[in-house]
Amino acid sequence: MRIGITCYPTYGGSGAVATELGLELARRGHEVHFISYASPFRLRGGFAERVTFHEVVTADYPLFEHSPYALALAVKQHEVALREELELMHVHYAIPHAATAWLAKQMLKTERDLKVVTTLHGTDITLVGQDPSYFTITKFSIEQSDRVTAVSQYLRDETYRAFGCVDCDVQMIPNFVSTAEYYPARDGSCRRALAPPDHKILTHVSNFRPVKRVRDVVRIFAGVRKALPATLVLIGDGPDRDAAEQETDRLRLGDDVRFLGKVDQVADLLRGSDLFLLPSETESFGLAALEAMACGVPVIASAVGGLPEVVVNGETGYLAPAGAVDEMTERALAILRDGALHGRLGASAAARARDFSTERIVPHYETLYRGVLGD
Ligand code: GMT
């Protein structure tokens with residue numbers, strides 16, 4: 001198949017999923033064209049057979065305070081679909097991608113019917129899409145998509161609840177992880193550079209938006225560190241990094257908290273960890289938790305959104321209400337103090353992650369594509 005993919009190229013789950021999907025589709029023989037304002041971060045590893053990136057360039061004009069990116073994107077999607085004879089455009093994160101794909105489809109209408117597949121990822125439904133400035137266009141563009149998928153059952157239900165989409169059939173296709181890249185540690189080599197040998201290593205990966213509650217990560221760590229030697233590794237960057245740094249200073253955690261900033265390949269860092277923390281306010285799926293689990297790392301997360309569909313409470317880690325810092329700290333200590341429990345949870349986490357392997361999940365997208373193309 002000849003497939004266009006549009007996503008946010010920045011650090012974030014939806015861009016990661018879209019890129020890994022495109023790369024895997026190309027490995028399976030499909031031709032994939034990424035269309036965005038920059039090359040998605042996981043695509044920067046080099047040349048991949050049957051994968052092309054098309055950059056959207058927005059022209060500046062003195063009248064524009066903000067260049068209309070959505071229009072330039074629609075033009076590029078139309079242009080690439082026409083020139084590369086794309087059969088379908090798969091857009092990730094509804095705003096504005098589902099609307100621009102609908103525009104491209106309309107512009108191509110006299111030539112042929114470009115099918116639009118929209119994958120809903122999270123805040124496009126739970127936060128941003130419900131803002132009055134975006135609500136009607138989000139609902140419209142979901143309803144106009146030829147197929148719609150959501151990354152968890154929770155997000156599927158939330159789409160119906162919040163948007164009341166009458167005519168859409170939202171299919172759940174969960175996120176996936178490459179178990180060839182994310183696998184449990186075989187020796188202690190990954191942890192050596194991260195912390196002193198007697199330290200437990202706790203890790204968090206995110207884009208540091210308020211929804212991630214990164215200050216809670218620091219507070220949970222502070223409770224753990226009072227009881228045993230430990231290092232917190234924080235990977236990623238975003239608006240709440242300053243707040244997290246200030247919390248680290250306030251709690252006098254010093255060098256035991258390491259802010260690594262944006263890192264392209266996190267698998268080795270996860271493999272070197274003893275525990276992964278994801279105490280988010282809301283989370284439609286929690287791809288970062290799945291990647292940690294695939295590396296055999298137990299997860300402590302909030303019992304919100306789609307996280308209970310990924311993290312099995314008491315089996316692959318623990319879930320607690322968002323904001324329950326004390327409970328999460330107690331759970332963390334229980335795991336870190338009990339080697340047998342840690343081993344059991346880690347092994348179950350890796351086994352559970354295999355249910356979400358690339359090989360298992362990507363064929364669901366191929367089936368969906370064949371269905372929409374009438375093959
Ligand atoms: O919806 C967002 O916040 C953006 C998105 C991203 O690009 O980071 O994150 C969402 O999509 C990921 C991939 O499907 C999910 O793993 C995250 O749980 C989800 N984030 C939230 O729901 C907050």
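Only the coordinates and a few stated rules stand behind these numbers; no lab work does. Keep in mind that what you see is a predicted model, and the values were worked out from it rather than measured. Positions of Cβ are backbone-derived with ideal geometry, glycine not excepted, and every protein chain shown enters the neighbour counts.
Suppose R0 equals 30 Å. What FRET efficiency, 1/(1 + (r/R0)^6) with r the Cβ-Cβ distance, do T10 and H364 give to the nearest 0.05?
Step by step, r from the Cβ atoms, then E = 0.70.
Compute the signed sum of charges (Lys and Arg +1, Asp and Glu -1) over the other residues within less than 11 Å, Cβ to Cβ, of I95. Walk me through the intermediate numbers first.
Numbers: positive: none; negative: D124, D131.
That sum, taken over residues with Cβ under 11 Å, equals -2.
How large is the convex hull of the Cα atoms of the chain per residue, expressed in Å³ as a whole number? Don't jump to the answer; show the numbers that get you there.
Values: hull volume 54.4 nm³, N = 375.
Each residue corresponds to 145 Å³ of Cα convex hull volume.
What residue among A227, A195, A267 shows peak mean-square fluctuation when the chain is described by a Gaussian network model with Cα springs under 10 Å?
A227
From the phi angles alone, apply the Karplus equation (6.51, -1.76, 1.60; θ = phi - 60°) to the range 229-234 and give each ³J(HN,Hα) in whole Hz, x where the residue is Gly or Pro.
The phi angles translate into x, 7, 10, 9, 10, 10 Hz.
State, to one decimal in nm, how far the label point of R83 lies from the label point of D113, with both points 7 Å from Cα in the Cβ direction.
2.7
Count charges around L43 for me, please; just the other residues with Cβ under 14 Å from its Cβ, Lys/Arg as +1, Asp/Glu as -1. Numbers along the way, then the final one.
Numbers: positive: R27, R42, R44, R50; negative: E20, E24, E49, E55, D264.
Computed value for this residue: -1.
Relative contact order of the range 105-163, please, whole-number percent, based on alpha carbon pairs below 8 angstrom and at least 6 residues apart. Don't jump to the answer; show the numbers that get you there.
Values: 49 pairs, mean separation 24.3, N = 59.
So the answer I get is 41 percent.
Between V57 and D237, what FRET efficiency comes out of the Förster formula 1/(1 + (r/R0)^6) with R0 = 22 Å and r the beta carbon distance, rounded to 0.05? Show your work: numbers first, answer last.
Details: r = 25 Å, r/R0 = 1.16.
E between D237 and V57, to the nearest 0.05, is 0.30.
Once the Cα atoms of the range 10-153 are picked out, what are the Rg and Dmax in Å?
15.0, 46
Search the structure for amide H atoms under 5 Å from the amide H of R213, placed 1.01 Å from N in the peptide plane, and list their residues when 5 or more places away or on another chain.
E281
For the chain, which cysteines have no disulfide-compatible partner, meaning no other cysteine Cβ under 4.7 Å?
So, C7, C190, C295.
Determine the calculated [θ] at 222 nm for the chain from helices alone, applying -39500 (n - 2.57) to every DSSP H run no shorter than 4 residues and normalising by the residue count; nearest 500 deg cm²/dmol. Each step should come with its number before you reach the end.
Numbers: 14 runs with 156 residues, N = 375.
Calculated mean residue ellipticity at 222 nm is -12500 deg cm²/dmol.
For the range 200-354, what does the relative contact order come out to in percent, with C-alpha contacts under 8 Å and a separation of six or more? Mind showing how you got there, number by number?
On the way: 307 pairs, mean separation 36.4, N = 155.
Here the relative contact order equals 23 percent.
Longest span of the chain, sites excluded, free of trypsin sites (Lys or Arg not before Pro) in DSSP loop with at most 10 other C-beta atoms within 10 Å? Present the calculation step by step, with values, prior to reporting the outcome.
On the way: sites that count: K109, R186, R252.
Of all site-free stretches, the longest is 253-375.
Quick check: residue separation of E49 and R344 times 0.36 nm, minus the Cα distance between them. What number comes out in nm? Each step should come with its number before you reach the end.
Values: separation 295, 0.36 × 295 = 106.20 nm, distance 4.00 nm.
Stretched out fully, the E49 to R344 stretch lengthens by 102.2 nm.
Using Cα springs under 10 Å in a Gaussian network model of the chain, which residue among M172, M107, M328 shows the largest mean-square fluctuation?
Largest GNM mean-square fluctuation: M107.
Compute the relative contact order of the chain as a whole-number percentage, counting only Cα pairs closer than 8 Å that sit 6 or more residues apart in sequence.
Working: 740 pairs, mean separation 51.1, N = 375.
Relative contact order here is 14 percent.
Quick one: how many lysine pairs does the chain have with C-alpha atoms less than 29 Å apart and a gap of 8 or more or different chains? Give me the count, please.
Going through the chain pair by pair, I get 16.
Mind checking which of A180, A353, A332 has the largest fluctuation in a GNM of the chain, springs on alpha carbons under 10 Å?
A180
Arrange Y93, Y8 by Cβ neighbour counts within 10 Å, fewest through most, would you? Mind showing how you got there, number by number?
Numbers: Y93 26, Y8 21.
Going from sparsest to densest Cβ surroundings: Y8, Y93.
Would you mind pulling out the separation of the Cα centroids of the range 202-255 and the range 284-298, in Å?
The range 202-255 and the range 284-298 have Cα centres spaced 18 Å from each other.
What are the ³J(HN,Hα) values, in whole Hz, obtained from phi via the Karplus relation 6.51 cos²θ - 1.76 cosθ + 1.60 with θ = phi - 60°, for each residue of the range 165-173 in sequence order, with x given for Gly and Pro?
4, 7, 9, 9, 10, 7, 9, 8, 10
Calculate one ³J(HN,Hα) per residue across the range 202-209 by plugging θ = phi - 60° into the Karplus curve 6.51 cos²θ - 1.76 cosθ + 1.60, and present them in order as whole Hz with x for glycine and proline.
10, 10, 9, 10, 6, 9, 6, 8
Please list, ordered by chain and number, the residues whose modelled amide H lies under 5 Å from the amide H of M89; skip anything fewer than 5 residues away on the same chain.
G4, K115, V116, V117
What residue among A332, A48, P321 has its Cα farthest toward the positive end of the dipole of the chain, where the charges are +1 on Lys, Arg and -1 on Asp, Glu, each on the Cβ?
Value: A332.
Taking GluC sites (Glu not before Pro) as exposed when DSSP calls them loop (any state but H, G, I, E, B) and at most 12 other Cβ atoms lie within 10 Å, what is the longest stretch of the chain free of them, the sites themselves excluded? Each step should come with its number before you reach the end.
Working: sites that count: E49, E65, E85, E111.
Answer - 112-375.
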